[in-house]
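K.L.:
Below: one structure in structure tokens.
Coordinate-derived values only; no laboratory data. Values in this document were obtained by computation on a predicted structure and should not be read as measured data. Here the Cβ positions follow ideal geometry from the backbone for every residue, glycine too, while neighbour counts run over all protein chains shown.
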Amino acid sequence: MKLLIPVASGLEQTTKRQLLTLGYDKAPADNGRLEVEGDWQDIARLNVFLRSSERVLIVLDKFRAVTFDELYEGVYNIPWENWLTVDSKILMDGKSVQSQLAAIKAAGGVAKKAIISRLADKIRTGRKTFSESGARSVVGVSVFKDEVTVTLDTSGDGLHKRGYRSLAYSAPLKETLAAGLIDSTFYNPDRDIEKPFADPFCGSGTLPIEAAMKALHIAPGLCRDFDFTKWACAPKGVLERAKEEAKDGERKDLSPVIFASDISKEGISIAQYHAKRAGVDKYIRFSVADARKFTSEKKYGILLSNPPYGERLSEETEVRALMRDFGKVFRALPDWNAYILTSLPDFERYFGKSADKKKKLFNANLVCGFYSYFGKPPKLEDEKIKRER
Ligand SMILES: C[S@@+](CC[C@H](N)C(=O)[O-])C[C@H]1O[C@@H](n2cnc3c(N)ncnc32)[C@H](O)[C@@H]1O
């Protein structure tokens with residue numbers, strides 16, 4: 001099968017590296033999506049192991065359509081009887097970009113009609129409407145420059161829903177974005193488990209929890225289910241096998257050095273609760289603290305945070321001052337690397353230093369900069385940093 005893996009724009013290369021580690025060396029990446037070939041076991045593995053992808057989709061067909069009739073015909077030609085049953089709960093999803101079939105809701109309606117007609121014809125139900133009381137199947141109909149891609153979503157709930165984050169907190173990072181950010185840094189616990197990782201603006205704990213999961217090789221999808229497991233067309237046992245592989249690979253014997261602090265007592269208590277649910281609480285050193293006082297006796301380390309943005313004008317002055325002070329904190333740790341995700345305009349000016357590297361990312365719908373600052377590298381990292389620069 002051709003599998004499509006959507007990721008947040010800007011995280012394609014990070015996810016490609018994750019795929020390579022999992023043994024998928026051919027994964028062409030393009031504008032927020034990657035493609036791999038695989039079977040049902042691969043679908044289970046990708047859902048369980050991938051840290052920064054949003055979901056895993058099966059590509060059923062691609063064809064050109066500029067009218068609803070062409071769309072109907074293209075969708076009808078897909079052998080839906082191999083994928084769905086008469087009681088499947090069919091939900092339509094999709095988008096249209098630079099295409100004549102611009103009314104995507106209407107296109108979804110036409111596509112669903114085609115699916116139901118095909119099922120009625122092939123399974124000979126004699127009915128044109130179904131109870132839809134069975135397993136959920138989300139069918140994607142995406143149109144880009146008049147080319148229609150029809151997909152089936154094997155994940156169901158987005159892969160950011162690991163299951164550990166249950167309490168509400170203001171402006172938390174999506175888990176998949178947090179994992180992608182971590183993989184974009186030099187935090188490499190497989191090479192140096194003692195190198196500290198710190199988030200002094202940790203809020204509900206997403207970054208330190210994801211860092212601990214990475215360090216301990218805890219698969220992000222270990223504690224959840226996926227839509228494909230309820231489908232008649234999917235073989236039984238593949239998810240169990242992928243989860244066994246994940247369990248076997250866990251390294252809870254390791255001792256990563258992870259600091260999580262926040263000025264909000266409530267934030268820290270929520271973060272601790274989430275860390276416990278993720279099974280990593282005893283690996284993270286939590287404290288209620290002002291990031292302006294952050295320091296460390298460790299020579300090398302990784303600072304990764306998304307500080308408050310100051311979206312409202314009234315807050316922006318405060319956030320600018322905070323970033324000025326935090327810039328001083330970083331400069332007092334000359335061998336550390338710092339990585340900041342923020343939408344604050346002119347961030348580098350307030351931080352007091354031009355970033356060594358920056359890229360554009362989206363946090364929810366907010367355009368952000370991801371600013372990387374490299375401290376003096378330990379010898380081993382010299383080469384990698386030179387390449388990055
Ligand atoms: C955008 S939120 C971080 C969200 C977090 N990444 C998550 O996923 O939940 C920014 C955090 O900075 C904290 N904060 C604000 N001023 C601070 C300061 N001076 N020192 C430490 N934390 C601060 C806020 O309490 C808030 O939790």
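K.L.:
Please compute the contact order of the stretch 2-153 in relative form: average sequence separation of alpha-carbon pairs under 8 Å and at least six residues apart, divided by the residue count, as a percent.
P.N.:
For the stretch 2-153, the relative contact order is 26 percent.
K.L.:
Can you spot the lysines whose alpha carbon is less than 25 Å from K105's alpha carbon? Ignore those fewer than 8 places along the same chain.
P.N.:
K105 reaches K62, K89, K95, K113, K128, K145.
K.L.:
Return the sequence-ordered ³J(HN,Hα) values of the stretch 212-219 in whole Hz as given by the Karplus equation 6.51 cos²θ - 1.76 cosθ + 1.60 applied to θ = phi - 60°, using x for Gly and Pro.
P.N.:
Each residue's phi maps through the Karplus curve to give 5, 4, 5, 4, 8, 6, 8, 5 Hz.
K.L.:
Taking other Cβ within 10 Å of each residue's Cβ, how do M213, M323, M92 sort, fewest first?
P.N.:
Neighbour counts put them in this order, fewest first: M92, M323, M213.
K.L.:
Between Q13, A232, V148, whose Cα lies farthest towards the positive end of the dipole of the chain when Lys and Arg beta carbons carry +1 and Asp and Glu beta carbons carry -1, centred on the Cα centre?
P.N.:
Ranked along the dipole, the leading option is Q13.
K.L.:
Subtracting the Cα-Cα distance from 0.36 nm times the residue separation, let me have the gained length for K265 to D346 in nm, one decimal.
P.N.:
Taking 0.36 nm per residue and subtracting the Cα distance, the gain is 26.2 nm.
K.L.:
Let me ask something additional. Take the Cα atoms of the stretch 2-153, build their convex hull, and give its volume per residue in Å³.
P.N.:
Cα convex hull per residue, to the nearest whole number: 108 Å³.
K.L.:
Another question, if that's okay. Number of Lys pairs in the stretch 195-252 with C-alpha atoms less than 25 angstrom apart, excluding same-chain neighbours closer than eight positions?
P.N.:
10
K.L.:
Would you pull out the residues with amide H under 5 Å of F197's amide H, same chain only if 5 or more places away, H placed 1.01 Å from N?
P.N.:
Amide H neighbours of F197, under 5 Å, 5+ apart: V257, I258, F259, I302.
K.L.:
Hey, another quick one. Residues with beta-carbon under 12 Å from that of R55, excluding R55: net charge, scoring Lys, Arg +1 and Asp, Glu -1?
P.N.:
Local charge sum for R55: -3.
K.L.:
Quick one: length gained pulling R331 to M1 fully straight, 0.36 nm per residue minus the C-alpha distance?
P.N.:
Stretched fully, the R331-M1 segment lengthens by 113.8 nm.
K.L.:
What number results when the radius of gyration of the chain, computed over Cα atoms, is divided by 2.2 N^0.38 Å?
P.N.:
Normalised by 2.2 N^0.38 Å, the Cα Rg of the chain equals 1.09.
K.L.:
Right, another one. How do T14, T295, T229 line up, fewest other C-beta atoms within 10 Å first? List each step's numbers first, then the result.
P.N.:
On the way: T14 21, T295 9, T229 18.
Ascending number of Cβ neighbours within 10 Å: T295, T229, T14.
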